[in-house]
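Derivation of every value follows stated rules applied to the coordinates shown; laboratory data play no part. Keep in mind the model is a prediction, meaning the values are calculated, not measured. Glycine gets a Cβ as well: all are built from the backbone with ideal geometry, and neighbour counts include every protein chain shown.
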C-alpha cells in the first residue's frame, strides 16, 4: 500500500470510529472525551499543556474546560507551590463517564479479535500513539 492509500485508509477508519463512539455517548463530544482522556491518563495538566497535546488554541481549550467544569466532569485546582498555576483535573464523574461511554463498545470490539489480531492492534496503537499523541516538541 502506498503512503497516500495508507493515509486515506487511516482517515476513513478514524472517521468511522469517531462516528461509532459519538453514537455511544452523544452527551460528550469527541473533543471533550479527548480532554477527559488526557487528564485521566496523564494526570493534572494546565490549559496550555492540554491545548498543545490536543492541537487546539488555548482559548478553545479554556472554553472546553469551562463546559466540562460546569458539568462536574473536570475541576480546576491551583498549584500548591505557585498559586498562579491552575491545573485541570478529571473528576471521578468524568473518568466514569469516559469509561462507561466508550468501554462497552471498545471492549466488545476487542473481545471479537483473535490473539494474533490483538497483538497486531497493540502494535498499531503504539504507532498511532507516537504519530498522534506526542507533544509537538517531541518530534
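Can you give the FRET efficiency for residue 83 and residue 8, using 1/(1 + (r/R0)^6), R0 = 41 Å, r = Cβ-Cβ distance, to the nearest 0.05?
Working: r = 49 Å, r/R0 = 1.19.
Taking R0 as 41 Å, the efficiency between residue 83 and residue 8 is 0.25.
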Original post:
Taking the highest mean first, how do the peptides 60-69, 112-121 order by number of other beta carbon atoms within 10 angstrom per residue?
Top reply: 60-69, 112-121
**OP:** Output the peptides 2-10, 84-92 sorted from most to least packed, where packing is the average of other Cβ atoms within 10 Å over each peptide's residues.
**Re:** 84-92, 2-10
Original post:
Say each of residue 110 and residue 128 gets a label point 7 Å from the Cα, pointing the same way as Cα to Cβ; how far apart are those two points in nm?
Top reply: 1.2 nm
